[in-house]
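Note sheet for the following structure.
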Amino acid sequence: MKRDVLINYLDQYLDIASFAPIDRSSNGLVVGGPDREVKRVAFAVDACQKTFDLAIEAKSDLLIVHHGLFWGSPLPITKSHYNRVKTLLDNHLDLYAAHLPLDAHSEVGNNAVMARLLGLLQIEPFALYKGKTLGFKGVSAVSLDPASIAKTLGFLNPIILPFGKQEIRTIGIVSGGASDDVYAALDEGLDCFITGECEHQVYNDCLENKITLIAGGHYLSEVFGVQELAGHLKKNFGLETVFVANPTGL
């Protein structure tokens, strides 16, 4: 498949352009030479040296990541950033980033995938960020507990603030560093809020307002989108895909 055809599809499917006003990340094709044939696409959470090395080892033509290389401000091409860019160029590995678009997407987004994995019903957009909703909320047909939720989502060492109902039915989800969105969950009277990171200041608000918060780690809460997108491209275009795991423990 021609790379530019694939990039155009991704830009439209993920609605990249609509997030430009609110996303610090430079999304879309951020490193790439002339158009060429793409056969194998690697997927990863983070754009970093180890991820690049593993994608090259897997003989990938294109790497799609959630956290890209460029975040709004100009960054000198020196030190580790120089090594990263040089690695991409020397090995003809193109790089595509999708940050907020891969959180908010209703089919392949991190939050929508987690909602489906938990078997939630009545899934709806949730948690407004600069005019766009990034998360999803839903209702479980059966009562859930924090430990089983964390296990289902593959959270290895979650932070759990178990201050809400013992039997959880209504859940809001926003991946990554979004613990402030627990206030949206409180406003909507949800039983539980799921995110990646847990900041200190939300502890007492969760305790006093009786809501359960589950933070599975920034990395582990954001493996879902790139993996789901890999399956989507494999199914629809017959591309070879590989997920490049580089867990940070954070």
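Couple of notes before you dig in:
- Calculated from backbone phi, Karplus (6.51, -1.76, 1.60) coupling profile of segment 215-232 in Hz, x at Gly/Pro: 10, x, x, 4, 4, 5, 7, 10, 7, 5, x, 5, 5, 5, 5, 4, x, 5
- Ranking by accessible area, most exposed first, for Thr152, Thr241, Thr87 with a 1.4 Å probe: Thr152, Thr241, Thr87
- DSSP-defined antiparallel bridges as percent of all bridges, segment 1-112, nearest 5: 30
- Expressed as a fraction of 2.2 N^0.38 Å, the C-alpha radius of gyration for the chain is 1.03.
- Relative contact order, percent, the chain [alpha-carbon distance under 8 Å, six or more residues apart]: 20
- Secondary structure note: in the chain, about 50% of the DSSP beta bridges are antiparallel.
- For the peptides 11-17, 68-74, 208-214, 188-194, the ranking by packing is 188-194, 208-214, 11-17, 68-74, with the highest mean count of neighbouring Cβ atoms within 10 Å listed first.
- Contour excess over end-to-end distance, with Cα ends at Thr248 and Glu37 and 0.36 nm allotted per residue: 72.7 nm
- Taking a point 7 Å from the Cα of Ile77 along the Cα-to-Cβ direction, the residues of segment 28-49 with backbone N closer than 18 Å to it are 29-35, 48-49.
- Cα centroid of segment 13-88 to Cα centroid of segment 101-173, whole Å: 28
- Here the accessible area of segment 11-157 is 55 percent carbon and sulfur, with a 1.4 angstrom probe and all protein chains present.
- Accessible area per residue, Å², the chain with all protein chains present, probe 1.4 Å: 47
- Ligands, DNA and RNA aside, Tyr203 has an accessible area near 100 Å² when probed at 1.4 Å.
- Out-of-range pairs (alpha-carbon distance over 20 Å; input Lys50/Lys86; Lys39/Lys79; Lys39/Lys235; Lys2/Lys86; Lys59/Lys234): Lys39/Lys79; Lys2/Lys86
- Helical content alone sets the calculated 222 nm signal of the chain at -9000 deg cm²/dmol, taking -39,500 (n - 2.57) per DSSP H segment of four or more residues and averaging over every residue.
The values are calculated or read from the model by the stated rules, or taken from the named source; none is laboratory data. All figures in this text were calculated on a predicted structure; none of them were measured in a lab. Cβ: placed from backbone, ideal geometry, glycine included. Neighbour counts: every protein chain shown. Side chains included, ligands, DNA and RNA excluded: accessible areas come from the protein's heavy atoms. Shrake-Rupley method; radii C 1.70, N 1.55, O 1.52, S 1.80 Å.
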